[in-house]
Amino acid sequence: MTESVLVVPGDGIGQEVVPAAVDVLSDVADLEFFHAEAGDHVKRETGEALPEETYRRASEADATLFGAAGETAADVILPLREAVGSFANVRPARAYPGVDALRPETDLVFVRENTEGVYSGIESEVAEGVTTLTRVVTEEASRRIAEYGFEYAAENGYDDVTIAHKANVMRTTDGQFLDAAKTVAGERGADYEEALMDALAMHLLLRPEEYGVVICPNLAGDMLSDLAAGLVGGLGLLPSANVGAENALFEPVHGSAPDIAGQGVANPAATVLSGAMLLEHLGYDAEAAAVRGAVEGVLAEGPRTPDLGGDASTEDVTAAIRERL
Ligand code: GGG
């Protein structure tokens, strides 16, 4: 059976790195790609950032490859994650040989709660100059992300699991998140550490080698993974998977990068590595390993895009990855 993959480049450099990843995936697997649009540019043209058709096709496809969200991120990527039933956002951050990383010993995986927290979308202006945000944290979603995180650590050989929270301040919401995650750890007989997310940010910077899987509430996962990108050479290197019970959406951790969009110099590695995660999700394990190997080879020996100190274009790097494949 040929699996169907919905491709949504989104905004800015998404339009450059997603076609690059599709070319690489087409080299190794017999997938049927369908294209759909979403984002700032769609909103400008139609008044709506995420067409209903794109949402529906994401929910029906075997997997979705997404590029980047811009100003309309809340209207695009959050509903698309919902369309695929995603509850976990998996963001590996590892240093690659040959890349000038601040912390070459980094090998972290953020398992981020993907449905609630401060990204629940409940905001209002209650009076002139007074705005509020409702932070939703449920026991069910907290348990589910903890179960996924501990399972991921066990399956992927990570001994260190950290539960990130700020339960000393957000006592009710993060208190619930922490309690649920600790209960799951107890049921599994799993070892873990808990860490206040602000202190964790500093410890990750100073001693990343002491950490493996980090289970996080939604916003903390978004922020800590960007911090970890800084440890390994930048956002051009971090892939991610938005995992649901059956469906999933894959995207680089980076956003639309308007400062370099349209110049043809965006690093395609994060999106190609997201494509490798997509291949694994569809059962193409050997092909995923080959794609990862090709990306690692290019990162080690070049060519490199400007974010990694080189002067190669997106096209040059993509061609080099494909040549290795
Ligand atoms: N490809 C990731 C992306 O588009 N990031 C922009 C953004 O603001 N994302 C919010 C999020 O990941 O929750």
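Summary of values
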item: Filter result (small (Gly, Ala, Ser) and over 24 Å from Val317 (Cβ atoms)) within the stretch 1-55; result: Ser4, Ala36, Ala38, Gly47, Ala49
item: Residues (assigned to a helix (DSSP H, G or I), in contact with a Ser or Thr (Cβ under 8 Å, 6 or more places away or on another chain) and open to solvent by 30 Å² or more (accessible area, probe 1.4 Å)) located in the stretch 260-298; result: none
item: Residues of the stretch 99-128 satisfying the condition of being touching a helix residue (DSSP H, G or I) at 6+ places or on another chain (Cβ under 6 Å), of a type outside the set (Asp, Glu) and open to solvent by 50 Å² or more (accessible area, probe 1.4 Å); result: Leu102, Arg103, Thr115, Tyr119
item: Residue satisfying condition, being free of Cβ contacts under 8 Å to residues at least 60 places away in the same chain and under 19 Å from Val90 (Cα atoms), within set Ala245, Ala289; result: Ala289
item: Qualifying residues in the stretch 2-15 (those that are touching a residue at least 40 places away in the same chain (Cβ under 8 Å) and over 18 Å from the mean Cα position of the chain (by Cα)) - the one nearest to Gly255 (Cα to Cα); result: Ser4
item: Subset of the stretch 225-243 that is of a type in the set (A, V, I, L, M, F, W, C) and within 12 Å of the ligand (Cβ to nearest atom) - its residue that is farthest from Tyr148 (Cα to Cα); result: Leu235
item: Evaluation of Gly310 against (1) open to solvent by less than 30 Å² (accessible area, probe 1.4 Å); (2) touching a residue at least 12 places away in the same chain (Cβ under 8 Å) (one fails), failing number; result: (2)
item: Residue that is least open to solvent (accessible area, probe 1.4 Å), among those in the stretch 20-39 that are farther than 21 Å from Val84 by Cα and free of Cβ contacts under 8 Å to residues at least 60 places away in the same chain; result: Ser26
item: Asp307 modelled with pLDDT of 95 or more and under 21 Å from the mean Cα position of the chain (by Cα); result: yes
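The values are calculated or read from the model by the stated rules, or taken from the named source; none is laboratory data. Keep in mind that what you see is a predicted model, and the values were worked out from it rather than measured. Methodologically, a virtual Cβ is constructed for each residue, glycine included, from the backbone with ideal geometry; neighbour enumeration extends over all protein chains shown. Please note that ligands, DNA and RNA were not included when accessible areas were found on the heavy atoms of the full protein model with its side chains. Shrake-Rupley method; radii C 1.70, N 1.55, O 1.52, S 1.80 Å.
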